[in-house]
Structures are given as structure tokens and as C-alpha cells.
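Asker: Here it is, the structure in full.
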Amino acid sequence: MNQVLNYQKYKKIAVMGGTFNPIHNGHLVAAEFVRQELGIERVIFIPTGNPPHKNTNPMYNEHRYLMTVLATVNNPHFEVSRLEIDRQGYTYTIDTITELKKRCSADCKIYFISGADAILQILQWKEPEKLLSMCEFVAVTRPGNNIKELEKTVSMLKDKYKGKITLIEIPALSISSTNIRHRILANKSIKYLLPSNVEDYIHKFSLYQAEDITSKEIEKIKGKLHSILTSKRYKHTLGVAQEALQLAKRYNVDTYKAYLAGLLHDCAKCYTNKEKLELCKKYNINLDKFLLENPELIHSFLGAKIAELEYNITDFDILNAIAYHTTGRENMSILEKIVFIADYIEPNRDYFDGLDKIRELAYKNINTAIIFALENTMKYLKNRNIKLHPLGKKALMYLKEEKNE
């Protein structure tokens with residue numbers, strides 16, 4: 001649906017560009033503040049289409065547009081344009097401003113509202129010198145921005161490229177779309193961070209769930225795991241991450257942490273037993289006699305250290321969930337229990353006796369599910385003349401005692 005733009009009657013318009021994924025109150029406050037400060041007659045919100053510098057899910061284009069419409073509907077000075085959403089190929093700001101120029105009177109002044117970070121990168125945009133000559137930039141800053149660096153860049157752009165740039169501080173911009181998405185993943189409230197009708201829309205369509213994660217952090221981890229694990233192990237890894245997410249929803253736990261722990265639980269599976277022992281020695285990971293005799297269990301403890309050093313995981317609950325996902329231990333956190341049981345029941349797991357029962361119990365009572373899983377494992381190992389790790393025995397005793405209290 002191509003939108004006809006006609007702004008002939010206006011002398012001052014401003015473009016509010018962004019992914020708006022989702023749009024939030026910080027965007028709205030910034031637009032209204034700039035509108036009043038500079039006497040803007042019309043603020044045009046233009047959700048990005050396919051920007052070359054960001055990964056956006058094309059499936060979300062219409063959602064982003066509609067959420068922006070909902071957010072701006074009560075302000076008569078705001079409107080939303082499909083100019084970039086409907087454009088084929090990469091969408092560049094220079095093309096958008098060029099198109100707007102055609103729809104405005106010759107004496108209309110166009111402002112482009114952007115975050116301070118964007119100004120620091122503007123010379124990397126398409127045709128930056130031409131862009132700076134076509135519109136005036138309004139850089140909205142937030143607490144924490146490096147104002148000295150920003151002022152230095154603005155001064156350079158004005159001197160070298162004759163750019164017109166105004167700096168305006170907007171305290172409410174401490175809100176971020178990334179933080180909102182993470183809060184949704186973590187089952188945390190997003191109330192008052194964005195308009196209530198946008199919040200309702202997000203919940204109605206179940207937006208920003210783990211299957212929609214496209215953050216650079218997650219994509220980078222997935223890419224590395226895909227390159228080092230076998231295809232079967234990688235498939236299992238994705239299954240555990242998704243199962244951990246669903247269990248986290250059931251037990252009201254941070255779903256983002258659960259997904260991340262599930263994703264990294266087998267990150268050390270790619271090493272040979274010899275390499276595992278060498279790495280444990282290198283990283284001063286103490287191995288008991290049982291682990292030395294059963295090196296196939298080492299990957300969980302080594303994995304916690306690899307997750308910390310190579311994947312920059314600093315959350316101790318995530319690291320412990322990785323470390324004890326194979327053996328378990330007494331007094332496990334709920335996240336540890338979730339990853340432990342998700343490893344047992346993920347949908348790609350080869351069938352074994354008792355699997356259906358554990359899957360059923362997992363969503364009713366996770367402690368009962370772990371007891372059943374450990375007892376089932378003990379029977380399996382006994383038939384092969386193998387013992388359960390002492391940590392697993394302690395976990396079983398602890399959970400049984402807790403159940404009987």
C-alpha cells in the first residue's frame with residue numbers, strides 16, 4: 001500500500017525515524033519536546049523498512065507500523081508514514097528526505113530527529129554531505145551520553161560540511177526498545193514504558209518471544225555454536241533452549257536467562273575427553289575422582305567456564321545452571337532445575353523409557369519430575385554397572401526430604 005504524501009501547507013516538518021521495535025514513551029516525549037521547542041507543525045514518524053546497518057525481522061514490519069499508529073493516534077500533530085516500510089530493498093535516509101522534499105513546498109524546513117549515537121555515525125550513512133545540506137538534524141540526548149564527544153562531532157560537521165545540528169537533552173530517552181524486549185522475555189512488566197494500547201497490542205500478538213530473538217548477542221552465540229557442534233548436538237541445543245523457555249514461563253522465571261542457559265548448556269561438548277581434561281587443568285577446575293573416571297560428564301562444569309570466558313556470561317545463576325545440568329545438586333535454584341529437566345525432555349531427545357512421564361511431570365511439579373528423572377537414570381546406569389554421580393545422589397535425597405517435609 002503506497003501512501004501519498006503531501007505536505008505543501010507546512011513550513012516546518014520533522015521526521016522521527018527509527019525501527020520502533022517497539023515504539024515507547026521515550027520516542028513520543030522526544031518528538032513532542034522537539035515539536036514544541038522548534039515550532040514544528042507536523043512530526044512524521046517513519047518506521048524503518050530494511051536498514052543496511054540493522055537486522056530487522058521483515059515479519060515485524062507491519063507490527064511495527066501498526067504499533068506506531070496506535071502510539072501516535074491521540075496527538076493531532078503526529079502522523080505515521082509507510083514510506084520506508086513499503087520501499088523495496090535497503091532503505092536509506094537520503095532517499096526518504098529526497099522523497100519528502102518533492103511533497104513539500106520549496107520553503108518548507110525539514111528537521112530529522114535522531115538519537116545522539118546516530119550523529120556520531122552519520123558520516124557512515126549514504127551520501128552524508130548531501131543529507132546534511134537537505135535537512136537540519138536534531139540530536140536528542142539521554143543521560144549517559146558522552147556530551148563532549150558529541151559536541152566535538154557536531155562542531156566538525158558544522159565546520160566541514162556546513163551541517164545544521166541542534167542538541168536537545170530528553171531525560172525520558174533512558175527508556176529503550178531493547179530493554180523493553182528483554183523485559184518481555186524475562187516476564188517483567190512493561191507498563192508505563194510505552195502507551196497502554198501498544199502494550200495491549202504486544203500481548204495480543206505475543207510479540208518478542210524467544211523464538212523471535214534477533215539480538216546480536218543471541219545470533220552471535222547461535223552462529224558460534226552452529227560452527228562448533230555437530231548438527232545433531234546443535235539441534236538438541238536449540239531444543240533445550242526452547243524447552244527451558246517454556247518451563248520458565250510455567251514457573252514465572254526470567255525467560256531470557258533460561259533461554260540463554262539452555263542455549264549454552266552444551267557449549268563444551270565439542271571437545272574431546274583429552275581436551276576437556278587439559279582445559280580443566282588450564283582453568284583450575286577441580287575434578288573429583290568420579291569425573292576423572294567419567295570424563296563425559298566434565299562438559300557441564302567446563303561449559304560454565306567456557307560460557308564465562310568465551311561468551312561473556314557473568315550471571316552466576318546462568319553459569320550454575322550450565323555447570324549442574326548433567327549431575328544436578330542439592331538445593332538447586334529454579335533456573336538450575338529448569339535447565340536440568342529441559343535437557344531431559346527437549347523435543348529432539350531420543351526416546352527412552354520414562355520420557356513421557358517426565359515430560360508430563362515437568363509442567364506439573366518440577367521437583368517431582370527431577371526425582372523421577374534421577375531415579376530413572378539410576379535404574380538405567382545400574383543395568384550397565386555404572387553409578388550415579390554423588391551430586392546427583394545428594395540432589396535426589398534433598399528433593400525427597402523436601403517433599404516429605
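A short reminder: the numbers here are calculations on the coordinates, not readings from a lab. None of these values were measured; they are calculated from a predicted model. Neighbour counts run over all protein chains shown; Cβ positions are idealised from the backbone, glycine included.
Asker: May I ask you to list the lysines whose Cα is less than 30 Å away from that of residue 164, ignoring any residue fewer than eight positions away on the same chain?
Answerer: 9, 11, 12, 54, 101, 102, 109, 126, 130, 148, 152
Asker: Here are a few candidate values for Cα Rg over 2.2 N^0.38 Å: (1) 1.16; (2) 1.24; (3) 1.03. Which one was actually calculated from the structure I just gave you?
Answerer: (2)
Asker: For the chain, find the longest principal axis of its Cα atoms and tell me its angle to the long axis of helix 93-103, 0 to 90°, nearest 10.
Answerer: Rounded to the nearest ten degrees, it is 40.
Asker: Another question, if that's okay. Quick one: which residues, 5 or more positions from residue 80 or on another chain, have an amide H under 5 Å from its amide H? H modelled 1.01 Å from N in the peptide plane, none for Pro or chain starts.
Answerer: Under 5 Å from the amide H of residue 80 lie the amide H atoms of 45, each far enough along the sequence or on another chain.
Asker: How would 35, 103, 142 line up from fewest to most surrounding beta-carbon atoms within 10 angstrom?
Answerer: On the way: 35 22, 103 15, 142 18.
Ranked by crowding around the Cβ, least crowded first: 103, 142, 35.
Asker: Please arrange 311, 283, 256 by how many other C-beta atoms lie within 10 Å of their C-beta, fewest to most.
Answerer: Sorted ascending by nearby Cβ count, the order is 283, 311, 256.
Asker: If a/c stays under 1.5 just call it rounded; otherwise compare a/b with b/c (prolate if a/b is bigger, oblate if not). Do that for the stretch 236-390, with a ≥ b ≥ c from the square roots of the Cα gyration tensor eigenvalues.
Answerer: oblate
Asker: To test your reading of the geometry: what angle, between 0 and 90 degrees and rounded to tens, separates the Cα axis of helix 25-38 from the longest principal axis of the chain?
Answerer: 20 degrees
Asker: Tell me, what is the percent relative contact order of the stretch 232-351, built from C-alpha pairs under 8 Å that lie six or more residues apart?
Answerer: Here the relative contact order equals 33 percent.
Asker: If packing is taken as the average number of other Cβ atoms within 10 Å across a peptide's residues, how do 396-402, 386-392 rank, most packed first?
Answerer: 386-392, 396-402
Asker: Could you pull out every one of the lysines with an alpha carbon less than 22 Å from that of residue 204, ignoring same-chain neighbours closer than 8 positions?
Answerer: 188, 191, 249
Asker: Assigning unit charges at the beta carbon (Lys, Arg +1; Asp, Glu -1) and nothing else, what dipole magnitude in debye, to the nearest 20, does the chain show about its Cα centre?
Answerer: 380 debye
Asker: With respect to the cross-link table entries 232/357; 224/269; 232/257, which display a Cα-Cα separation exceeding 19 Å?
Answerer: 232/357; 232/257
Asker: Between helix 255-264 and the chain, what is the angle of the helix's C-alpha long axis to the longest principal axis, kept within 0 to 90° and rounded to the nearest 10?
Answerer: Result, in degrees: 60.
Asker: May I ask you to derive the relative contact order of the stretch 12-204, considering only C-alpha pairs under 8 Å and at least 6 residues apart, and to give it as an integer percent?
Answerer: Once normalised by length, the contact order is 27 percent.
Asker: OK, next. Could you grab the relative contact order for the stretch 139-270? Cα pairs under 8 Å, six or more apart, rounded to a whole percent.
Answerer: It comes to 22 percent, rounded to a whole number.
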